[in-house]
Amino acid sequence: MQMSQTGLTIIELLLSLVIMALLAMLALPHFQSLAQQTRVRGAGSVVYTHLQLARSEAIKRNASITVCFSGSGTPDWQYQVLVLSHASNCNSPVIEVLEQANSQQFSGVILTAAYPDPLLIFKPRRSTLLAGSFTLSQDSHRLKVITWNNSIIRTCSDSQLLGVPPC
């Protein structure tokens, strides 16, 4: 009686490993791009949520809520959603910090604010918000969080981010 052996030879195993390594090398740039898109979308979602919170808190409290930001256009940005003693001055005494975010939470994402001053004031009445936008970007991936003077906030993207409407 003859016994047959089954299994892989060392050459077959090495060839399989080489093919898998080549496929991984080809897929790596796509995975990096996907990770960047995810970071930009995540940062945009947080900014959008914090701006909506500022808007709803202004209505609920019948008081002004200020978003103070710094480091716009740099890799070291931050912002805070605040109740201030003087809403138009980020250096005035802070009554309460509602939310905050910074660049350390979103590695490599740059936030650029398109407002004349480094603050955005949400008031309890409509048609009092300053129109402008925050742009979150990493390499070629960009997401905008747009505010209109009628207190509408929305997100869009010029770089065709998955799940984000075009601008």
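Do we find that G71 is under 25 Å from A35 (Cβ atoms) and either loosely packed, with under 13 Cβ neighbours inside 10 Å or of a type outside the set (S, T, Y) (or both) in this structure? Answer is yes for this residue.
So in segment 106-115, with the set limited to residues that are aliphatic (A, V, I, L, M) and either open to solvent by less than 30 Å² (accessible area, probe 1.4 Å) or out of contact with any strand residue (DSSP E or B) (no Cβ under 7 Å at 6 or more places or on another chain) (or both), which one is nearest to H86 (Cα to Cα)? Per the criteria, the residue is A113.
Residue under question is A35, and the condition is that it be in contact with a helix residue (DSSP H, G or I) (Cβ under 8 Å, 6 or more places away or on another chain) and under 22 Å from C156 (Cα atoms); does it hold? Criteria not met by A35. Once segment 116-145 is narrowed to residues that are under 13 Å from the mean Cα position of the chain (by Cα) and β-branched (V, I, T), the residue that is surrounded by the fewest Cβ atoms within 10 Å (Cβ to Cβ) is T135.
Taken as a whole, segment 8-27 holds no residue that is touching a strand residue (DSSP E or B) at 6+ places or on another chain (Cβ under 9 Å) and either part of a loop (DSSP other than H, G, I, E, B) or open to solvent by less than 50 Å² (accessible area, probe 1.4 Å) (or both).
Determine whether S85 is of a type in the set (S, T, Y), over 19 Å from S133 (Cβ atoms) and free of Cβ contacts under 8 Å to residues at least 40 places away in the same chain. For S85, the condition - of a type in the set (S, T, Y), over 19 Å from S133 (Cβ atoms) and free of Cβ contacts under 8 Å to residues at least 40 places away in the same chain - is met. The residue pairs whose first member lies in segment 17-38 and is closer than 21 Å to Q138 by Cα, whose second member is not β-branched (V, I, T), and whose beta carbons are closer than 6 Å, counting only pairs six or more residues apart or on different chains, are Q36/Q138; Q36/D139; Q36/H141; Q37/H141; Q37/L161.
Among residues belonging to segment 43-68 that are among the polar types (S, T, N, Q) and assigned to a loop (DSSP other than H, G, I, E, B), point out the one that is least open to solvent (accessible area, probe 1.4 Å). Spell out how you get there, then give the answer.
Of the residues in segment 43-68, the ones among the polar types (S, T, N, Q) are 45, 49, 52, 56, 62, 64, 66.
From the residues that got through so far, the ones that are assigned to a loop (DSSP other than H, G, I, E, B) too are 62, 64.
Working: N62: 118, S64: 36 Å².
Among residues in segment 43-68 that are among the polar types (S, T, N, Q) and assigned to a loop (DSSP other than H, G, I, E, B), the one least open to solvent (accessible area, probe 1.4 Å) is S64.
Taking segment 127-143 only, how many residues are within 12 Å of V47 (Cβ to Cβ) and free of Cβ contacts under 8 Å to residues at least 60 places away in the same chain? Here the count works out to 2. Among the residues of segment 83-105, write down those that are in contact with a helix residue (DSSP H, G or I) (Cβ under 9 Å, 6 or more places away or on another chain), open to solvent by less than 20 Å² (accessible area, probe 1.4 Å) and either among the basic types (K, R) or farther than 26 Å from D139 by Cβ (or both). The one that is in contact with a helix residue (DSSP H, G or I) (Cβ under 9 Å, 6 or more places away or on another chain), open to solvent by less than 20 Å² (accessible area, probe 1.4 Å) and either among the basic types (K, R) or farther than 26 Å from D139 by Cβ (or both): V83. Before we move on, is S72 modelled with pLDDT of 85 or more and either in a loop (DSSP other than H, G, I, E, B) or on the phi > 0 side of the Ramachandran plot (or both)? When the stated conditions are applied, S72 passes them.
The values are calculated or read from the model by the stated rules, or taken from the named source; none is laboratory data. In this text the structure is predicted, and so the values were computed from the model without any measurement. We place every Cβ from the backbone using ideal geometry, glycine too, and count neighbours over all the protein chains shown. Just the protein is used for accessible areas: all its heavy atoms, side chains included, with ligands, DNA and RNA removed. Shrake-Rupley method; radii C 1.70, N 1.55, O 1.52, S 1.80 Å.
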